[in-house]
Each structure stands twice: as C-alpha cells, then as structure tokens.
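First up is the structure itself, then whatever we jot down about it.
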Amino acid sequence: MISLEDLESMSEEQLSDSPEEEQEDQDRLLRYWRDVARGHQVEVPTDMAEPIQQITSNNDGTHTREQVPYTLLTRKEKCGEVVYEKRHYEKAHWACITVHEDTYEQSICYGFMKIMRFICQQNTAGTYLGMTIPIVTVIRTDEQHTTLSRAVTVAYYLPTVHQNDPPRPHDPEIVIEQWPATIVYTRAFTGATNELSIIHEISSLAEALDSLAVCVNDSFIVAGYTNPAAANRQNEIWFLERP
C-alpha cells in the first residue's frame, strides 16, 4: 500500500541536490512505489515521480505533519484499555475525491495519488501545502454492515494556514468541502485496512457503544495515521453522531 512512511524509510541523506542524482532518486522512488502498488493491482503513472519525491523530502526535510485538531469529550476504558473515545471536531475544509474502483485498497491508492498531486503544487497557490494526519476515507455500507459500497471518498485536512482561504485543486475530480463541526466515536485498531478488517472494526465499535441510535448508521470513516503496508499500522474507525 502506498504511504508516506514507505517513502520516509529512505533517509534524507539519500536524496541529493545535483540534477543527475535527483533524477536517479525520482526513478528509484517511482520504482519502489510501483513495486508496493503492484500487490494491490494498482498502476503508478510516471507523472507521480515528482510528487513522490517532493513528499519524501517534504521540501525542507523536516517531516512535520499537522494533526487534525479535536477536543476529547469522554473516554471509555476497560481493564486499563481504551475501548473508545468521544471527540468533538470543529468545522474545517477538506480536499475530497470519491473513487469507484473494484476494491477498497485500489480506491484509496488511486484517490491518495490524486490528493498527493494537489498537495504537491497542483493547486492555485502553486506551493507544497504540507501533510496532515490522519488521511481519512469515508465508506458506506449496506444496512447489515456486511458489505462496503464501491464509492470511497478519500479526504485530506487542509493545514491551518490554508483553512480560511483554501487553495483550489487543478484536478476537477477533487473538491474542497467544509465539513461541519461534529462529534465522533472512535476506536483504535492496528493492522491492514481492507473490506474484511473494516467490517470487523465497525462491528466491534458497535458492540462497545452504549447506544447506536445516536450515530449515523450507513456511513463511517477510517482514519489512517501510519504506513498502510506495516503490520502494526495505526488506524481508527469513526462513527459520526447524528446532527
């Protein structure tokens, strides 16, 4: 699975300033992404080489990422373990794209590549916008919560500096949306994110909550914080409270 941590496993010392070596770095990173993506039947086009390297080097090598801000309202624990958290997120602008690939994994890969292009200068500001976490995917299910819809929305939180005047994407498939303030119930989980694991996590959080009636019952969010290819990937499943 494509991710920032996959790329960051390559140290900054490996990325050189000379034009010849920069081209070699781009080619090497592109080959690496293609190898990772091939396992999910995803093709990484050649024009992704520059965005891949830009996010890898993060312009100045600081690797800083802004976390989506929230206020913790309550936390339910059992035997010292956090069962779930209830959080409040303020209204904010997100860059969103809805993808309809054959599998969830393909949808988030192709969606994230388009978001990457937006982050890396394909926007009206003409600058690298900076990474934020988590990258979230909005999923829909059937009434029984046993099947995911093919429509998957990949969303990127605009950094605080861009919230009041969001740069516009060059890609017409990406839209800037202002999501309203909302309360979410969130449960952390580790490992791969695919249709089976997501359905399992939806069921686990549903069992943990005291009442499901307060939550939206056909739309959920998967929040990814770390490398999707890693065995211990850090994720959350979010239930949205009804307005």
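The values are calculated or read from the model by the stated rules, or taken from the named source; none is laboratory data. This is a predicted model, so every value here is computed, not measured. Note: areas computed on protein heavy atoms with side chains; ligands, DNA, RNA excluded. Shrake-Rupley method; radii C 1.70, N 1.55, O 1.52, S 1.80 Å.
For Ala92, the amide hydrogen comes within under 5 Å of the amide hydrogens of Trp179, counting only partners 5 or more places away or on other chains and with H modelled in the peptide plane. Based on the alpha-carbon gyration tensor of region 138-184 and its eigenvalue square roots a ≥ b ≥ c, which shape applies: rounded if a/c is under 1.5, prolate if not and a/b is larger than b/c, or oblate? It comes out oblate by the Cα gyration axes.
Starting from the Cα gyration tensor of region 83-151, take the square roots of the eigenvalues, sort them a ≥ b ≥ c, and report rounded, prolate or oblate (rounded when a/c is under 1.5, otherwise prolate if a/b is larger than b/c, else oblate). The shape class here is oblate. Within the full protein context, the accessible area of Glu201 is estimated at about 20 Å² for a probe radius of 1.4 Å. For region 148-163, 3J(HN,Hα) computed residue by residue from phi via the Karplus equation (6.51, -1.76, 1.60; θ = phi - 60°) reads 8, 5, 5, 6, 10, 9, 9, 10, 10, 6, 5, x, 3, 5, 10, 5 Hz, glycine and proline entered as x.
Shape class of region 159-202 from the alpha-carbon gyration tensor: prolate, with a/c at 1.5 or above and a/b greater than b/c.
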